[in-house]
Amino acid sequence: MAKMWAGRTDGVTEKIADDFNSSISFDSRMYKQDITGSMVHAQMLAKQGIISEGDAESLVAGLEGILADIESGELPIDMECEDIHMFVEQVLTERIGDVGKRLHTARSRNDQVALDIRMYLREETDTITELAKKLIGVITDKADQYKDAIMPGYTHLQRAQPVTFGHHLMAYAMMLLRDVDRLADCRKRMNLSPIGCCALAGTTYNTDRRYEAENLGFDGICLNSLDGVSDRDFCAELMSDIAILMMHLSRFSEEIILWSSWEFKFVELSDAYTTGSSIMPQKKNPDMAELVRGKTGRVYGNLISLLTTLKGLPLAYNKDMQEDKESVFDACDTVIMCLKVFTGMIETLRANTVNMKRAAQKGFINATDLADYLVKKGLPFRSAYKISGTLVALCIEKNTVLEELPLEVYKQHSELFEEDLYNEIDLMTCLEKRVSEGGTSVNSVKAQINYVKEMLEK
Ligand code: ARG
């Protein structure tokens, strides 16, 4: 069959060329945005006297019917069509006759597709934001539950200083809060309407772009028509935000994988979020966390793919730009799936506080506090650091810990040591003394929790 755009050419193409050219297999998901955009376009055309009110009514009624029929399943989307825009227009013309052919006045598929993606991604951005917020809520509740569960905090994956599990969890709540903020920022730039830019240069018709923008829920319009049809920054921006979010989930996943190993045994994942091995009966594998970590690479790939597609494109529209959709849709689908699974996994995760505490006791993570003790008695920090380090080396040699070392031994290294040192290096004291804002003391973690809860309500 000849194409709707038959004109200069006879519109008869090879099947293989059609298949290659077609985007309907992945852009059909934008049917609702396409139809809604077209309804408002028809209304604008009538308001401006470009088409008659009667024609606009037929167009809108026809489009409403198509939308309803696609949603009910009565109208299957024809995968032989070139894209969703052509499909809708074709069905419309079949259903209401020649009036259908008036819809594409003062419009091009270039501004139409730009409009549809923005509207589609706007909703996706809201969905991702809501899911991220839900996860933050779940993390915050867990943190509250474990705000006094002591564990070793690490640097270089070496035991460093005592923290609480609640404090550690809240670090991720903070990251995700920034992600939510980034998404809101991205949405601002996304929410400008390109419709009316037409093919590239605007139009000679007396259109009202701002009417269309307003009625489609945009905050404003793209102010340069060439830019309006060529801009895919909002896709790249959204994917960057998603990539950073995934990076956060991936780091968290890595920790969960480590913590649930026999070597750590800090957390126990619910059976519902683990898998067994087909050969090793003892296994309980953290597959969900591993997949989230794995899919992060895929999302990075999506971002790089789009940036690379765009980097050499002259203005304005080029067919290369059709390649934007698969990457950005895949990034959205992936992060949505990951957030849902991750939330369930965290919600059902239990901490093994006994093992966490045991690990905290064995790692000399109070060595800084021992040095601070001497500093408070007047010694310069560097000298105190040296003494504390020497005592740690001694403990390692004697297979003991700082808490068990007799006072005489301490005194051999500094006369400043007194009986009260044992209280100072007690792990609970070490925790509770870290009262600086953002620190690990229970009160400080409570303050973090309250802050995050407040931000979530905003
Ligand atoms: N399917 C196309 C896309 O996704 C729609 C725009 C087509 N425009 C054009 N001039 N061929 O980009």
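The values are calculated or read from the model by the stated rules, or taken from the named source; none is laboratory data. Treat the numbers as computed from the prediction; the structure is a model and nothing was measured. As a convention, Cβ positions derive from the backbone with ideal geometry for all residues, glycine included, and neighbour counts pool all protein chains shown. Note: areas computed on protein heavy atoms with side chains; ligands, DNA, RNA excluded. Shrake-Rupley method; radii C 1.70, N 1.55, O 1.52, S 1.80 Å.
Treat every Asp and Glu Cβ in segment 228-339 as -1 and every Lys and Arg Cβ as +1, leave all other atoms uncharged, and give the resulting dipole magnitude about the Cα centre to the nearest 20 debye.
Numbers: 11 positive and 17 negative charges, 49 e Å.
Here segment 228-339 has a charge dipole of around 240 debye.
Show that you can apply the helix-only estimate: for the chain, add -39,500 (n - 2.57) for every DSSP H stretch of four or more residues, divide by all residues, and state [θ] at 222 nm to the nearest 500.
Mean residue ellipticity at 222 nm (helix-derived): -20000 deg cm²/dmol.
What distance in nm separates the simple spin-label points at Tyr211 and Phe20, each placed 7 Å from Cα in the Cβ direction?
Going by the 7 Å Cα→Cβ label model, 4.3 nm.
May I ask you to derive the relative contact order of segment 305-456, considering only C-alpha pairs under 8 Å and at least 6 residues apart, and to give it as an integer percent?
On the way: 89 pairs, mean separation 22.3, N = 152.
Relative contact order comes out at 15 percent.
Could you give the length gained by full extension between Thr400 and Glu74, i.e. 0.36 nm per residue of separation minus their alpha carbon distance, to one decimal place?
Computed gain between Thr400 and Glu74 is 109.8 nm.
In the chain, which whole DSSP H runs stretch at least 20 Å along their own axis (Cα) and average 0.0 or higher on the Kyte-Doolittle scale?
Helices meeting the span and hydropathy rule in the chain are 53-72, 233-259, 287-310, 324-347, 381-398.
Estimate the FRET efficiency between Ala201 and Arg251 by the formula 1/(1 + (r/R0)^6), using the beta-carbon distance for r and 45 Å for R0, to the nearest 0.05.
0.45
Of Thr348, Gln322, Gly297, whose Cα points farthest to the positive end of the dipole of segment 268-394 (charges on the beta-carbon: +1 Lys, Arg; -1 Asp, Glu; origin at the Cα centre)?
The residue sitting farthest along the positive end of the dipole is Thr348.
Relative contact order for the chain: what percent, with Cα pairs under 8 Å and sequence separation of 6 or more? Numbers along the way, then the final one.
On the way: 627 pairs, mean separation 72.8, N = 458.
Contact order relative to length: 16 percent.
May I have the convex hull volume per residue, in Å³, for the Cα set of segment 376-458?
Spread over its residues, the Cα hull of segment 376-458 gives 120 Å³ apiece.
Report Arg159's accessible area, 1.4 Å probe, all protein chains in place, as a number in Å² to the nearest 10.
Surface open to solvent at Arg159 totals about 100 Å².
Run through segment 1-57 and list the trypsin sites (Lys or Arg not before Pro) located in a DSSP loop whose Cβ has at most 11 other Cβ atoms within 10 Å.
Arg8
Test of understanding: given the chain, find the longest segment containing no chymotrypsin sites (Phe, Trp or Tyr not before Pro) that are in a DSSP loop and have at most 13 other Cβ atoms within 10 Å.
With a cap of 13 other Cβ atoms within 10 Å, the longest stretch comes to 6-261.
Step through the table entries Lys133/Lys188; Lys325/Lys458; Lys265/Lys357; Lys265/Lys433; Lys147/Lys376; Lys147/Lys295, compare each Cα-Cα distance with 21 Å, and write down the pairs that go over it.
Pairs exceeding 21 Å: Lys325/Lys458; Lys265/Lys433; Lys147/Lys376; Lys147/Lys295.
Using 0.36 nm per residue of separation minus the Cα-Cα distance, give me the extension gain between Gln282 and Lys32 in nm, one decimal.
85.1 nm
Report the semi-axes of the equivalent ellipsoid for the chain in whole Å, largest first, where each axis is √(5λ) for an eigenvalue λ of the Cα gyration tensor.
So the equivalent ellipsoid measures 62, 22, 18 Å along its semi-axes.
From the residues Ile128, Gly228, Phe218, which one has its Cα farthest along the dipole of segment 107-259 in the positive direction, the dipole being from +1 and -1 charges on Cβ of Lys/Arg and Asp/Glu about the Cα centre?
Ile128
Using the basic label-point model (7 angstrom from Cα toward the beta carbon), what is the Arg298 to Lys188 distance in nanometres?
If labels sit at Arg298 and Lys188, their model points lie 3.3 nm apart.
How much length is gained on full extension from Phe381 to Leu157, taking 0.36 nm per residue of separation minus their Cα-Cα distance?
Going from the current span to full extension adds 78.2 nm.
I need the GluC sites (Glu not before Pro) found in segment 247-341, filtered to DSSP loop residues with at most 16 other beta carbons within 10 Å of theirs.
Values: sites: Glu254, Glu255, Glu263, Glu268, Glu290, Glu323, Glu326; in loops: Glu263.
Listed in order of number, the matching sites are Glu263.
Kindly state, to the nearest 0.05, the FRET efficiency for Leu313 paired with Gln412, given R0 = 51 Å and r defined as their beta-carbon distance.
Given R0 = 51 Å and the Cβ-Cβ separation, E is 0.10.
From the square roots a ≥ b ≥ c of the eigenvalues of the alpha-carbon gyration tensor of segment 143-220, which class results: rounded (a/c under 1.5), prolate (a/b over b/c), or oblate?
Since a/c reaches 1.5 and a/b is larger than b/c, the shape of segment 143-220 is classed as prolate.
Work out the length of the dipole vector of the chain about its Cα centre, built from +1 on the beta-carbon of each Lys and Arg and -1 on the beta-carbon of each Asp and Glu, and round it to the nearest 20 debye. Walk me through the numbers on the way to the answer.
Values: 52 positive and 71 negative charges, 298 e Å.
Rounded to the nearest 20 debye, it is 1440 debye.
Less than 18 Å from a label point 7 Å out along the Cα-to-Cβ axis of Lys3: which backbone N atoms in segment 26-45 qualify, by residue?
Hits in segment 26-45 for Lys3 at 18 Å: 26-28.
Report the paramagnetic label zone for Asp420: residues of segment 358-396 whose backbone N is under 15 Å from a point 7 Å from Cα along the Cα-to-Cβ axis.
Backbone N within reach: 370, 372-379.
What are the trypsin sites (Lys or Arg not before Pro) within segment 289-326 that DSSP puts in a loop, where the Cβ has at most 16 other Cβ atoms within 10 Å?
Passing both the DSSP loop test and the Cβ count: Lys311.
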